[in-house]
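To start, the structure itself, in structure tokens.
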């Protein structure tokens, strides 16, 4: 029974991952997420059901459009698989609970904005604002006695990165500021601080890699959204265990 539940959650994650690709690619361009139906960007051929199987279609078509043979970005199946895995991890930790639904929405937001940030270096308000109000609803109606921690996290997320944007004179984008504000609301204090540490370290490592091996410069623009996603998702899934380990190590 448990294996069937895990399989079901993983399959749902794959399907939603495919949908999140569409949302992340179309919303920044102000396009409808429903019309026109999914099609090849090369030949504009409408995709058939066999072309829309998460991961499977990519493998069966060997990473190419079945009509014009244009190469398909591996980003699509990667995010389908990643969404399935993250849904599975959330279910493993929280089971059938409101907390599971809460975390699923958090994962969903990050899958969409990460796709958008990778392709366009844009984190759309049309994505962030609906999720912000959704999370507010959850926090005020889910049973919790520590809502102040979430409000403090939201405030810190905004203030810290607004100040960074001011000091760096545009080095931090407005979308990143708003994304950390929403993330601070969800994570609360002190998990937000852990997410900032992880995002900063991973982003710095990636930036150093570009400079050393790809010929990038210090002023090269890189999307910070994926690193914010990494930090926040690690924090919400394993943050409490990491902090417990840290405090035991220190004391």
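The values are calculated or read from the model by the stated rules, or taken from the named source; none is laboratory data. No experiment lies behind these values; they were computed from the predicted model shown. Cβ coordinates were reconstructed from backbone atoms using ideal geometry, including for glycine residues, and neighbour counts include every protein chain displayed.
Residue by residue, here is whether (1) within 18 Å of residue 103 (Cα to Cα); (2) surrounded by 14 or more Cβ atoms within 10 Å (Cβ to Cβ); (3) touching a residue at least 24 places away in the same chain (Cβ under 8 Å); (4) outside the structural domain of residue 126 (by TED's automatic domain parsing) holds:
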residue: 148; (1), (2), (3), (4): no, no, no, no
residue: 155; (1), (2), (3), (4): no, yes, yes, no
residue: 161; (1), (2), (3), (4): no, yes, no, no
residue: 169; (1), (2), (3), (4): no, no, no, no
residue: 176; (1), (2), (3), (4): no, yes, yes, no
residue: 179; (1), (2), (3), (4): yes, yes, yes, no
residue: 211; (1), (2), (3), (4): no, no, no, no
Restricting attention to the stretch 64-101, which residues are within 22 Å of residue 116 (Cβ to Cβ) and either assigned to a strand (DSSP E or B) or free of Cβ contacts under 8 Å to residues at least 60 places away in the same chain (or both)?
70, 71, 72, 73, 74, 75, 76, 77, 78
Within the stretch 15-30, identify whether any single residue is without any contact (Cβ under 8 Å) to a residue 60 or more places away in the chain, part of a helix (DSSP H, G or I) and in contact with a helix residue (DSSP H, G or I) (Cβ under 7 Å, 6 or more places away or on another chain), and answer yes or no.
no
Just for the stretch 219-231: of the residues that are in contact with a helix residue (DSSP H, G or I) (Cβ under 7 Å, 6 or more places away or on another chain) and modelled with pLDDT under 90, which one is nearest to residue 104 (Cα to Cα)?
225
Go through (1) under 18 Å from the mean Cα position of the chain (by Cα); (2) under 19 Å from residue 203 (Cα atoms); (3) at pLDDT below 95 one by one and return the number of the condition residue 110 breaks.
(3)
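Looking for whichever is within 18 Å of the chain's Cα centre (by Cα) and surrounded by fewer than 16 Cβ atoms within 10 Å (Cβ to Cβ) here; the options are 49, 74. Which one fits?
Going through 49, 74 in turn, just one is within 18 Å of the chain's Cα centre (by Cα) and surrounded by fewer than 16 Cβ atoms within 10 Å (Cβ to Cβ): 74.
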Assigned by TED's automatic domain parsing to the domain that holds residue 179, surrounded by fewer than 16 Cβ atoms within 10 Å (Cβ to Cβ), more than 19 Å from residue 196 (Cα to Cα) and at pLDDT 90 or above: does that describe residue 140?
no
